[in-house]
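The structure under discussion appears below in the form of structure tokens.
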């Protein structure tokens, strides 16, 4: 008998507007210089795709993926598109952003490392069920600060692990949308994870991770559960 997916798998919630089914989930890597440096790679943004089935609205308990003993946290700003298109100009890209959330791009680092050594795709490391927990989405009209003042932080059991702002991104949200639209035909309800600041590290089973943004008034909690030690 197959294992059930998460209760909210693939669905997201927009504050004041209700639920919808997410489209394609794009993600940017290396969009913060300090994070690229800590990973030992060039600060040159790259795009990858996560399956919508990895999304988990509101966070909660997440089971460690099969074959992995090392899951890393990566706090990110997540964009929801209200419209799409290809080769968008900057004004069009800005207008396409419908809402924003705080999310975690959870990464099975051991699986990713093994795949990279073989020159193989590393979708398993980024796409397992629960690998994309997200908060509720705040409509763009309700954001009261410019993009450069939007902050991100992550604590694990109360200890600060990650902290950053959009002004440290190589591609801020509108530029990220425009850049991705050069290579992909974006559509309404697509999501974009915009990259993580420095400080990524292991999410120990049982520890409480809290992602938040003071500027947006959003918060997300998640706990990793070992496959060998299910929650009581």
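Remarks
- Of all residues in segment 201-232 being surrounded by 20 or more Cβ atoms within 10 Å (Cβ to Cβ) and outside any strand (DSSP E or B), the one that is modelled with the lowest pLDDT: 203
- Residues located in segment 65-82, provided they are assigned to a loop (DSSP other than H, G, I, E, B) and in contact with a strand residue (DSSP E or B) (Cβ under 7 Å, 6 or more places away or on another chain): 65, 68, 70, 74, 82
- Scan of segment 52-64 for residues that are assigned to a loop (DSSP other than H, G, I, E, B) and surrounded by fewer than 21 Cβ atoms within 10 Å (Cβ to Cβ), ordered by number: 58
- Pair list, Cβ under 7 Å, 6 or more apart: segment 127-154 residue within 16 Å of residue 75 (Cβ to Cβ), other residue part of a helix (DSSP H, G or I): 130/54; 131/54; 132/54; 150/166
- Failed item in (1) over 26 Å from residue 179 (Cα atoms); (2) not in a strand (DSSP E or B), with residue 95 passing the rest: (1)
- Number of positions in segment 1-22 that are over 14 Å from the mean Cα position of the chain (by Cα) and modelled with pLDDT of 85 or more: 10
- Here residue 33 does not fit the description of being out of contact with any strand residue (DSSP E or B) (no Cβ under 6 Å at 6 or more places or on another chain), more than 15 Å from residue 169 (Cβ to Cβ) and modelled with pLDDT under 95.
So that you can scan it fast, the table gives a plain yes or no per residue for (1) within 13 Å of the chain's Cα centre (by Cα); (2) surrounded by 17 or more Cβ atoms within 10 Å (Cβ to Cβ):
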position: 89; (1), (2): no, no
position: 98; (1), (2): no, yes
position: 109; (1), (2): no, yes
position: 124; (1), (2): no, yes
position: 130; (1), (2): yes, yes
position: 134; (1), (2): yes, yes
position: 154; (1), (2): yes, yes
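The values are calculated or read from the model by the stated rules, or taken from the named source; none is laboratory data. Keep in mind the model is a prediction, meaning the values are calculated, not measured. Quick reminder, even Gly has a Cβ in these numbers, built from the backbone with ideal geometry, and neighbours come from all protein chains shown.
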